[in-house]
Amino acid sequence: MSANNTPSNYMPSGEAFKRNLAGRNRRGGIWGTFYYLSLVVAIIALIALFLSIINQAFGYVVEADTISPTELVEGGDLSTLDSPALAAILLENVPGRLIVYTRDTLSRVSEDVFTRTPLREAVAGSTLPAGTEDLDITDITAEQRAEILGANLGADVLVDYVTEDVVEANVERAWSLFESIPAAVTQLFGQPNPLLVEAIEEYPDGDFYFRSWLTLDFITSRGSDEPTVAGIRIALLGTIWVIIITLGFAFPVGVGAAIYLQEYATDTPLNRLIETNIRNLAGVPSIIYGLLGLAIFARALSDITGGRTILSAGLTLGLLILPVIIINSQEALRAVPSSIREASYGVGATKWQTIWNQVLPAAMPGILTGTILASSRALGETAPLIVVGASTTIFRNPLSIIDKFTVLPIQIFDWTSRPQAEFRAVAAAAIIVLIVLLLLLNTTAIILRQRFRKSLQG
Amino acid sequence: MTQNGAYAIELKNVDIYYGPKLAVKDVNLSLQSRKITAFIGPSGCGKSTVLRSINRMNDLIPSARVEGQVTFHGQNLYDANIDPVEVRRRIGMVFQKPNPFPKSIYDNIAYGPRLLGVKGKSTLDEIVEKSLKSSFLWDEVKDDLKKSGLALSGGQQQRLCIARTIAVEPEVILMDEPCSALDPIATQAVEDLMKILVKQYTIIIVTHNMQQAQRVADYTAFYSIRKKEDVPGKENRWGVLGEFAPTDQLFSKPNSEETERYIRGEFG
């Protein structure tokens with residue numbers, strides 16, 4: 001470049017340049033504001049979501065017992081009674097429910113044949129009243145049923161039944177958190193709590209208190225038709241089982257497929273077709289996977305999966321997230337710098353040694369990121385599991401992968417569609433648990449990812 | 001692979017293609033054991049391509065194809081019964097950009113021996129120490145062998161890569177512009193190292209730096225570019241071996257005018 005370069009007339013200078021620059025800066029500013037507003041909208045939506053959930057999960061309630069515990073036992077503490085005494089209370093108050101209790105707790109045979117099977121088989125292993133072994137549950141008297149329950153169940157189980165079906169605490173009225181807070185503040189300043197005044201007026205026998213619907217009991221109790229005692233234990237266990245099966249299937253298969261496509265497959269039209277189709281599969285609506293899962297796992301392979309079971313559901317969700325894992329893993333493998341591969345080949349590594357020792361560890365953070373996204377999706381899926389046949393009302397813990405199951409999203413869906421208003425509070429509490437579970441899963445994956453990344457950087 | 005033939009490495013009528021494109025044409029070259037040979041020449045003359053054909057690194061590029069013979073002690077490296085994995089273990093390679101594995105210094109060195117099935121901590125310790133001493137890195141890193149290889153300086157990283165190559169006991173070390181990413185002090189250290197390593201190893205180095213070739217190489221091969229004059233564009237250029245001679249001779253009395261112009265720095 002020589003010094004006597006004379007400026008051409010093409011480039012703006014002086015005032016024109018200043019105007020030009022101001023225009024460019026203004027355009028940048030407009031875009032910047034737009035992005036900032038997008039972020040604000042997203043954050044507001046997120047906060048609104050959280051608040052509406054929390055709003056429903058906590059608040060004042062008025063609760064009234066149908067029968068006070070003090071009428072059942074002196075002092076009102078049910079836990080002081082033994083099993084036969086509790087069974088007697090059940091017999092006196094809800095004789096018609098005894099068959100159901102027996103079926104839910106002691107049955108060794110499937111639900112549909114329980115009432116037709118001799119007790120010797122139907123409740124095998126339980127102590128039976130003399131002479132009833134060959135009769136079925138409908139042939140014996142209510143007293144005999146109570147005797148079976150009293151002799152074979154622990155007091156804690158029976159206390160649950162008595163609390164739920166005899167004492168039957170009903171929430172008569174529930175207020176949301178945002179209605180409760182102003183009332184509590186009023187009380188704090190020495191004024192009468194307006195909600196309490198209202199409650200005493202309407203429900204003089206009721207018990208007025210601030211209730212957190214999310215409690216430890218809520219997490220450890222099984223589902224129920226009574227919102228006050230309903231819990232999510234079964235659904236939570238179901239979700240954990242299903243996600244383990246899903247990841248156990250989709251992670252190795254997905255990463256394996258990605259390794260094949262990225263490292264081994266040659267660039268042929270067939271392989272390109274396969275790759276394109278995997279990308280398309282990632283966009284297929286989840287309900288279609290539900291139908292696929294129903295046809296393959298729940299029906300065709302029912303001998304292996306046991307029909308509508310955890311295994312069928314896990315494999316179905318596995319199929320659903322498989323394309324996402326394959327695509328993300330492939331991207332991660334592709335991003336591994338060729339210098340690492342060359343270095344490994346350069347000291348005499350075979351192809352597999354290079355992939356296993358260098359390429360895969362380097363790609364692992366990216367692969368895990370994809371898996372986080374995929375498993376979060378699987379955790380919240382409802383539609384395909386309804387099709388595959390998740391139950392909504394089961395009261396037994398899933399004990400193996402070929403058990404019937406329900407999962408949190410389906411339990412939440414079921415509760416929100418019930419007529420009693422209190423179930424919305426229960427559903428909100430369950431949503432909080434689902435979100436916490438999601439965060440836990442993501443945190444685990446992020447920690448794993450950071451660990452891999454750290455070990456790569458030293 | 002057996003040990004015979006007068007030269008360590010011989011290239012006979014080697015043509016290299018990338019897909020349909022001819023990259024290097026008709027290279028004939030005989031390299032002696034335990035000497036340093038430098039490949040010099042302008043950009044795009046194919047000197048790196050030739051270097052990478054010697055340990056079959058070009059196999060990693062699906063479209064690359066080598067015709068002719070590359071022999072190692074008389075054995076054609078491109079025979080059907082030769083596994084490229086064995087070739088690369090006997091003919092090691094150091095790359096342009098230092099590329100330690102994202103692992104500890106110790107694991108970087110032990111990686112190759114472990115792949116070959118060497119086991120036992122004391123054996124590996126011995127190999128690591130010996131390799132690091134050979135590359136004059138031992139004194140600098142002996143106290144933190146657990147530190148990541150990536151935490152070292154650029155020059156140390158390159159010497160780590162050399163130590164890693166030495167660890168599997170190759171006979172030949174190929175170096176593809178090993179100093180182009182290093183500062184002058186680190187370059188000096190690598191050059192000093194080469195002069196010591198050549199007592200045990202055959203070294204071939206690609207370099208852009210003619211002074212470096214003069215400082216370290218016993219022999220120098222000059223590559224140049226031929227093109228079809230009537231057809232424009234890069235597709236019609238290929239590299240040829242212009243001149244091969246002892247370094248002193250090539251730089252003082254070049255045979256061709258093209259070599260002379262290149263070493264005078266008239267094109268590059």
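General observations
- Whole-Å distance, taken between Cα centres, linking segment A:413-458 and segment B:117-186: 47 Å
- Between helix A:177-188 and chain A there is an angle of about 70 degrees, using the helix long axis and the longest principal axis of the Cα atoms.
- With the simple model of a label 7 Å out from the Cα in the direction of the Cβ, A:ARG396 to B:ASP218 spans 8.3 nm.
- For segment B:34-144, the square roots of the Cα gyration tensor eigenvalues, ordered a ≥ b ≥ c, give a/c of at least 1.5 with a/b greater than b/c, which places it in the prolate category.
- In terms of its alpha-carbon gyration tensor, segment B:1-85 comes out oblate; a/c meets the 1.5 threshold, while b/c is at least as large as a/b.
- Look at where the Cα atoms of segment A:125-143 and of segment A:339-360 average out, and the two centres are 70 Å apart.
- Chain A: C-alpha gyration tensor shape, a/c 1.5 cut-off, then a/b vs b/c: oblate
- Within 10 Å of each Cβ in B:88-99, the average number of Cβ atoms from other chains: 4
- Subset of A:LYS351/B:LYS97; B:LYS103/B:LYS147; B:LYS133/B:LYS195; B:LYS119/B:LYS147 violating a 20 Å alpha-carbon distance limit: A:LYS351/B:LYS97; B:LYS119/B:LYS147
Throughout, read-outs are computed from the coordinates displayed, never taken from laboratory work. In this text, all values refer to a predicted model and were calculated from it rather than measured experimentally. As a convention, Cβ positions derive from the backbone with ideal geometry for all residues, glycine included, and neighbour counts pool all protein chains shown.
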